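Undergrad: First the structure, which I've put down as structure tokens, then a few questions once you've had a look.
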Amino acid sequence: MIRLRIIMLSCFISFFTINAFAQDTLKLGIPLPLTGTNAKFGEIEKKSYEIAQDEINSKGGIKGKKIVLEFEDSQGKPEISRSIVERLIDKKQPVIFGEYSSSSSKAIAAVAEERKTPYLVVTGATDDITQQNYKYVFRMNPSNAYYATGFMSFLKAVVKPKSIAILYESSDFGTSGAEDMVNQAQKDGIKVLVKEQYEKGAVDFKPILSKVKAAKPDVIYMVSYVMDAALLMRQIKELRIDTNLYAGGAAGFAIPEFIENAKEASALVVTATLWSPQVKYSGAKEFAEKYKKLYKDYPSYHGAEAYSALYIIKDVLERAKSWKPDDIRSAFKSTNLMTAFGPVKFVDKEGYTNQNFMDSIVMQVIDGKHETIWPAKYASAKYVYPIPKWKDRK
């Protein structure tokens with residue numbers, strides 16, 4: 001009898017402890033590509049979320065609840081992303097955020113709107129994600145159409161090209177980025193001599209690059225993920241394709257792995273980007289240095305987006321009247337927050353709904369590392385232009 005009472009008391013204590021822990025924690029599932037071709041980006045974002053989680057928890061969490069992040073591997077596949085989010089919504093998670101690619105973000109946006117659950121897009125950039133008049137979908141990163149605004153400013157002020165070649169991978173991100181560059185080039189009187197799509201993961205770009213070499217454009221602009229970006233530049237160097245400027249449309253060109261994989265071929269390549277460790281946003285330097293101390297390298301803009309996303313979630317949940325979907329949606333709508341990634345405010349304009357707009361910047365690989373070169377107010381180093389021909393490089 002005594003033994004039975006002890007067992008019952010033990011069970012009661014365990015139940016009480018588990019229940020109390022559940023009341024004091026906020027579990028948030030995050031879909032990310034932790035395996036597959038986009039795993040590098042998923043890892044950057046995961047590490048950045050964890051840094052923000054530790055900081056927020058050390059200061060009391062969200063409304064007194066300790067954040068417990070649970071990362072789920074989407075493998076970079078939209079159908080898996082959707083399945084993960086459907087399960088999170090069924091578990092009554094009050095807000096959804098995360099994913100990396102545009103295709104996975106689009107899949108989540110559709111189900112979030114369908115299920116009336118607020119969703120914060122963190123990195124997915126294809127324009128149409130926030131062009132659907134969705135009420136429950138909010139995007140903190142600029143859309144593809146705005147990725148290259150800083151880059152176009154640099155072209156007009158410094159390079160002044162008359163022609164351009166555009167190479168892009170066959171994803172939503174690549175296609176959208178290429179079309180946006182075509183539109184901006186035509187608007188500025190820059191003739192598009194080559195526009196070529198390729199399949200992600202290709203191993204031989206020489207047939208496409210031969211067309212580029214024959215066309216002799218002033219600028220070669222590429223929208224690629226990291227391994228393709230590195231291989232493109234290595235093969236451009238091998239074929240000795242000279243031009244006034246080699247440029248990337250963010251993504252694979254804007255992370256340290258591009259330099260590691262392209263090696264000497266990465267030198268002086270310019271890339272559009274949304275953020276760099278040198279920007280002067282509040283908290284940006286501190287985050288960058290903390291990430292570098294932990295992981296031996298600076299984060300890309302994807303890391304800054306993920307890190308800041310958790311602070312946006314904290315801000316929204318603390319301001320919301322309740323954690324019901326419509327109250328959270330209202331809190332998102334009234335967001336006006338400075339983050340380490342930059343200012344975040346969700347507005348409706350130019351055909352976008354709940355979209356954040358902000359300055360984009362330009363980096364260049366100088367002396368083996370990315371330096372911010374444009375706009376001048378953000379510059380950490382003077383740009384190198386004109387660039388030498390391959391035969392004149394050491």
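Laboratory data are not the source of any read-out in this text; all were calculated from the coordinates shown. What you are looking at is a predicted structure, and each value in this text was computed from that prediction instead of being measured. Cβ: placed from backbone, ideal geometry, glycine included. Neighbour counts: every protein chain shown.
Undergrad: According to a simple spin-label model (label point 7 Å from Cα along Cα-to-Cβ), what is the distance in nm between K394 and S58?
TA: In this crude label model, S58 to K394 measures out at 4.2 nm.
Undergrad: Taking only the C-alpha atoms, wrap a convex hull around region 84-161 and report its volume per residue in Å³ as a whole number.
TA: Once divided by residue count, the hull of region 84-161 is 87 Å³.
Undergrad: Let me ask something else about it. Kirkwood hydrodynamic radius, region 335-394, all distinct C-alpha pairs: what's the number in Å?
TA: 14.5
Undergrad: Test of understanding: ordering D326, D228 by Cβ neighbours within 10 Å, fewest first, what list do you get?
TA: D326, D228
Undergrad: Any chance you could run the full-extension gain for E318 through V347? It's 0.36 nm times the residue separation minus the Cα-Cα distance, nm to one decimal.
TA: Stretched fully, the E318-V347 segment lengthens by 8.4 nm.
Undergrad: Under 8 Å for C-alpha pairs, at least 6 residues apart: give me the relative contact order for the chain, rounded to a whole percent.
TA: On the way: 782 pairs, mean separation 63.9, N = 394.
The normalised contact order for the chain reaches 16 percent.
Undergrad: Quote the charge dipole size of the chain about the Cα centre in Debye, to the nearest 20; the model charges only the Cβ of Lys and Arg (+1) and of Asp and Glu (-1).
TA: In total the dipole reaches around 600 debye.
Undergrad: Also, quick follow-up: Within the set K285/K333; K106/K280; K211/K263; K237/K382; K46/K345; K40/K106, which residue pairs have Cα atoms separated by over 26 Å? Could the numbers behind the result be given before it?
TA: Details: K285/K333 28 Å; K106/K280 31 Å; K211/K263 24 Å; K237/K382 24 Å; K46/K345 24 Å; K40/K106 20 Å.
Correct reply: K285/K333; K106/K280.
Undergrad: I want to make sure I understand the PRE zone here: with the label point 7 angstrom from the Cα of K191 toward its beta carbon, which residues in region 150-164 have backbone N atoms less than 17 Å away?
TA: From region 150-164, the list is 160-164.
Undergrad: What translational diffusion coefficient, in µm²/s and rounded to a whole number, does the Stokes-Einstein relation yield for region 218-330 at 10 °C and a viscosity of 1.306 mPa s, taking the hydrodynamic radius as the Kirkwood radius over Cα pairs? Could you put the intermediate results ahead of the total?
TA: On the way: Rh = 16.2 Å.
Estimated diffusion coefficient is 98 µm²/s.
Undergrad: Any idea what the dipole of region 157-274 comes to, in debye rounded to 20, about its Cα centre with Lys/Arg Cβ at +1 and Asp/Glu Cβ at -1?
TA: Once rounded to the nearest 20, the dipole reads 560 debye.
Undergrad: Test of understanding: ordering V269, V384 by Cβ neighbours within 10 Å, fewest first, what list do you get? Before the final figure, lay out each step's value.
TA: Working: V269 26, V384 16.
The order, fewest Cβ neighbours first, is V384, V269.
Undergrad: First obtain the Kirkwood hydrodynamic radius of region 224-270 from its Cα pairs, then insert it into the Stokes-Einstein equation at 10 °C and 1.306 mPa s, and state the resulting D in µm² per second as a whole number.
TA: 154
Undergrad: Determine the dipole magnitude for region 224-346: charges of +1 sit on the beta-carbon of Lys and Arg, -1 on that of Asp and Glu, nothing else is charged, the reference point is the Cα centre, and the result goes in debye to the nearest 20. Each step should come with its number before you reach the end.
TA: Working: 17 positive and 14 negative charges, 85 e Å.
Here the size comes out at about 420 debye.
Undergrad: Counting GluC sites (Glu not before Pro) as exposed when in a DSSP loop with at most 15 other beta carbons within 10 Å, what is the longest stretch of the chain free of them?
TA: 1-198
Undergrad: Pick out which of Q235, Q186, Q364 has the largest mean-square fluctuation in a Gaussian network model of the chain, springs linking Cα atoms closer than 10 Å.
TA: Residue with maximal mean-square fluctuation among Q235, Q186, Q364: Q186.
Undergrad: On to the next question. Out of these labelled values of P(r) over Cα pairs in 10 Å bins from 0, in percent, (1) 4, 20, 27, 22, 15, 9, 3, 1, 0, 0; (2) 4, 14, 16, 14, 12, 10, 8, 6, 5, 4, 3, 2, 1, 0, 0; (3) 5, 23, 31, 22, 11, 5, 2, 1, 0, 0, which was calculated from the coordinates shown here?
TA: It is the one labelled (3).
Undergrad: Here's something else I'd like to know. Tell me what the chain gives for mean residue ellipticity at 222 nm when only DSSP H runs of n ≥ 4 count, each as -39,500 (n - 2.57), the sum divided by the residue total, rounded to 500 deg cm²/dmol.
TA: Values: 13 runs with 164 residues, N = 394.
Helix contribution divided over all residues of the chain: -13000 deg cm²/dmol.
Undergrad: If you average the alpha carbon positions of region 252-314 and of region 325-371, how far apart do those two centres end up, in angstrom?
TA: Between the Cα centre of region 252-314 and that of region 325-371, the gap is 16 Å.
Undergrad: Continuing with this model, one more query. Relative to the first principal axis of the alpha-carbon coordinates of the chain, what is the inclination of helix 39-58, with its axis defined by its Cα atoms, in degrees from 0 to 90 and to the nearest 10?
TA: Here the helix axis deviates by roughly 50 degrees.
Undergrad: Separate question: Rounded to whole Å, give me the distance from the Cα center of region 161-181 to that of region 99-157.
TA: If you average the Cα positions of each part, the centres end up 17 Å apart.
Undergrad: Would you be so kind as to identify which of T37, Q53, S282 lies farthest towards the positive end of the dipole of the chain, taking Lys and Arg as +1 and Asp and Glu as -1 on Cβ and the Cα centre as origin?
TA: Checking the options against the dipole of the chain, the answer is S282.
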